[in-house]
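The values are calculated or read from the model by the stated rules, or taken from the named source; none is laboratory data. Please read these numbers as outputs of a predicted model, since none were measured by experiment. Every residue, glycine among them, receives a Cβ derived from its backbone with ideal geometry; neighbour counts consider all protein chains shown. The protein model used for the area step is the full one, side chains on, heavy atoms only, and it has no ligands, DNA or RNA in it. Shrake-Rupley method; radii C 1.70, N 1.55, O 1.52, S 1.80 Å.
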Amino acid sequence: MEFPEQIKQQSCMDCLSGQSLGFEIRMAFQPIIDWSLQDIIGYEALVRGPEGQGAGWVFEQINDSNKYYFDQACRVKAIETASKLGLKKLLSINFLPNAVYNPETCIRATIEAGDLFGFDITQIMFEVTEGEQITDQIKLKRIFESYAKRGFITAIDDFGSGYAGLAWLTSLRPAVLKLDMGLIRDIDKDSVKQAVLKGILTVCCELGTKVLAEGVESKAELDYLVASGIHWYQGYYFAKPQLEKLLIHSEINGWR
């Protein structure tokens, strides 16, 4: 898709205005846990509507004409909100690869927002969901390489749920791989899922990719995953996302 020049020159303040989308967005934050350190190492920013509506409501408003604006607005709003909340740890932001027409140009608003709000962009992790069908995998690889070169952390989200597999992982070589909650659910008593996890962990070890298990909902799941050697986690077992709030250590469930 070709974009007009006014879109290419969009600044981070344009992204914050909400005018290009036609509605405002807000951000909720879910803690990312390092179990080995027994600490919160960061937060994932999750888009919400103007009245706190869930991501499903927001995505109903997104189409091909505003997808680019939406992708940029989410990045900038996440940085703005995280900075106002005093976040000094990892900030994980989802992006839409099919909305990125040029990696370097799309990074511009992110860097501007980091400068404007005083947020260290090397603390940003960009996640691409495996559930979104990628129209150009070579382009996505170029995006990942460009982001890594700029100092951003790269991640594949929802791995095991969508269109790709281990070949995609070995091609993109992300810094972090987030396991889909469908794989995590009841993994402590599902031998097939356990075998799949073992294969993924073997490949990630060879690539030097950090594994994060998301969607953890029970102690039994956590115990199995910890025994498998995974250190990073997200899920309702620990905490639900909070609108415009960063939960602190004492507000997290499940510490040993």
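Note on the chain: helix-only mean residue ellipticity at 222 nm, from DSSP H runs of 4+ residues weighted -39500 (n - 2.57) and normalised by residue number, equals -11500 deg cm²/dmol. Report the residues of the range 71-102 in range of a label on PHE23: point 7 Å along Cα→C-beta, backbone N strictly under 15 Å from it. Within reach of a label on PHE23: 71, 74.
Heavy-atom accessible surface of VAL203, to the nearest 10 Å², is about 30 Å², with a 1.4 Å probe and all protein chains retained. Legend: translational diffusion of the range 120-256 by Stokes-Einstein, Rh = Kirkwood radius over C-alpha pairs, 37 °C, 0.692 mPa s; D = 207 µm²/s. Give me P(r) over the chain, computed from all C-alpha to C-alpha distances, binned every 5 Å, as integer percentages. Computed distribution, short to long bins: 1, 6, 14, 18, 19, 18, 13, 7, 3, 1, 0.
Please report Rg over Rh for the range 153-230, where both radii come from the alpha carbon positions and Rh follows the Kirkwood definition. Checking Rg against Rh, the ratio lands at 0.94.
In the chain, carbon and sulfur make up what percent of the accessible area (probe 1.4 Å)? Of all accessible area on the chain, carbon and sulfur atoms account for 51 percent.
In percent, rounded to a whole number, the relative contact order of the chain is 20, using alpha-carbon pairs under 8 Å and six or more apart. Among the listed pairs LYS139/LYS219; LYS77/LYS139; LYS149/LYS193; LYS141/LYS193, a Cα-Cα separation exceeding 32 Å is found for LYS139/LYS219; LYS149/LYS193. Taken about its Cα centre, the chain carries a charge dipole of about 460 debye when Lys and Arg each add +1 at the Cβ and Asp and Glu each add -1 at the Cβ.
Provide the per residue accessible area, probe 1.4 Å, for the chain, rounded to a whole number of square angstrom.
45 Å²
Rounded to two decimal places and with Rh computed the Kirkwood way over Cα pairs, what is Rg over Rh for the range 29-101?
1.03
In a fully extended conformation the segment linking GLN61 and ASP120 would gain 18.2 nm over its present Cα-Cα distance, using 0.36 nm per residue. To the nearest 10, the accessible area of MET125 is 0 Å² with a 1.4 Å probe.
Just checking the listed ones, THR202, THR81, THR154: in the Gaussian network model of the chain with Cα springs under 10 Å, the one fluctuating most is THR202.
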